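Let me begin by presenting the structure, written as structure tokens, before commenting on it.
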Amino acid sequence: MTPSLNGKIALVTGASRGLGRAVALELALAGAFVICTARSVRGQSTQAQLPDTTIDDTLDALQAAGGQGKAVRCDHSDPSQVEALMLSIREKHGRLDILVNNAWGGHDVVRNPTQPSEVWDEPLEQLRGMLLGGAYSDYVTSLLALKHLMGHAHSGIILNTTWHTDEPPAWLPYEVSKAAKNRLVYALGHHLQAKDIPVIGVAPGWMRTELMLTHHTPEELAGQTETPHYAARGLVALAADPQARRFSGKVMDVGELADLYGFTDLDGSQPQWFRAHQASRRGDS
């Protein structure tokens, strides 16, 4: 059964495609009013090969499914834009119950990354772009949401989408940027303990997003991937859990959440990508 979030006000950043779009749809299906933000608006997608991946298209899909929401263009690495957004939410809704930090512009600097043969040949701007488009955006959005909406009210939940840092480490700038996101979850969760505002990271497996489908063949993805709705349902379950505070400061795997809350992917399955990945690393049969 879909958890009930009737009457809740939710903000989903990076809601133009992929996991962000799925989260917006699943939150709306659960009854929340969903504010969808991203840089991509109709006619101006940041992904030219995917013109229909905009917040306007997300809002259309959300409303077609019977949900309610709003689309607002916002670059979450720009504090002035984020502050204007928070002040607008405060004026129109008076509160923010759920913040999902999902914005990611980490591949904008080097759009077709190829890992160099030597680690020192990495483009120096790549990490900067990933930090700005990831941990910094999460940081700015969380702090301004707390300042203007959540903090003084001692209410709400902050959910950050992320990725498991790998062992052994994979692509250097990506690993560093995701480690920053994960540490932000831990540190911010610690500092908000007295406020009763949980901060939780959610790490999906390998998702069949629009971008993934443009870069991989069906054969490469078959049997190894999940839809973005799987992790989105995990985020909705956390948002609806009155005891979610017990996970504050942690990064939760989507398969772990599926075991805990009993949700499934669209096809009824419960993929365990990270668990299988860990077993493969250990050489388990």
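Computed values, structure above
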| quantity | calculated |
| --- | --- |
| Where Cα atoms sit under 17 Å apart: lysine pairs in the chain separated by 8 or more or lying on different chains | 8 |
| Most to least accessible of Leu260, Leu184 (protein chains only, probe 1.4 Å) | Leu260, Leu184 |
| Euclidean distance between Cα centres, segment 216-269 to segment 1-54, Å | 17 Å |
| Whole-number percent relative contact order across the chain, with pairs defined as alpha carbons under 8 Å at least 6 apart | 17 percent |
| Per residue, the convex hull volume that the Cα atoms of the chain enclose (Å³) | 138 Å³ |
| Accessible surface, per residue, of segment 60-207 when the full set of protein chains is kept, probe 1.4 Å, Å² | 48 Å² |
| Estimated 222 nm signal from helices in the chain, with DSSP H stretches of n ≥ 4 weighted -39500 (n - 2.57), rounded to 500 | -12000 deg cm²/dmol |
| Antiparallel bridges, percent of DSSP beta bridges restricted to the chain (to nearest 5) | 5 percent |
| Of the DSSP H helices in the chain, those whose Cα atoms cover at least 20 Å axially and whose Kyte score averages -0.5 or more | 79-93, 172-191 |
| Dipole magnitude of segment 151-285, debye to nearest 20 (Cβ charges: Lys/Arg +1, Asp/Glu -1, about Cα centre) | 600 debye |
| Estimated dipole of the chain in Debye, rounded to 20 [Cβ of Lys and Arg +1, of Asp and Glu -1, Cα centre] | 1000 debye |
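The values are calculated or read from the model by the stated rules, or taken from the named source; none is laboratory data. Fair warning: this is a prediction, and the values are worked out from it, not measured in the lab. Note: ideal-geometry Cβ built from the backbone for every residue, glycine included; neighbour counts use all protein chains shown. Surface accessibility is based on the protein's heavy atoms, side chains included, excluding ligands, DNA and RNA. Shrake-Rupley method; radii C 1.70, N 1.55, O 1.52, S 1.80 Å.
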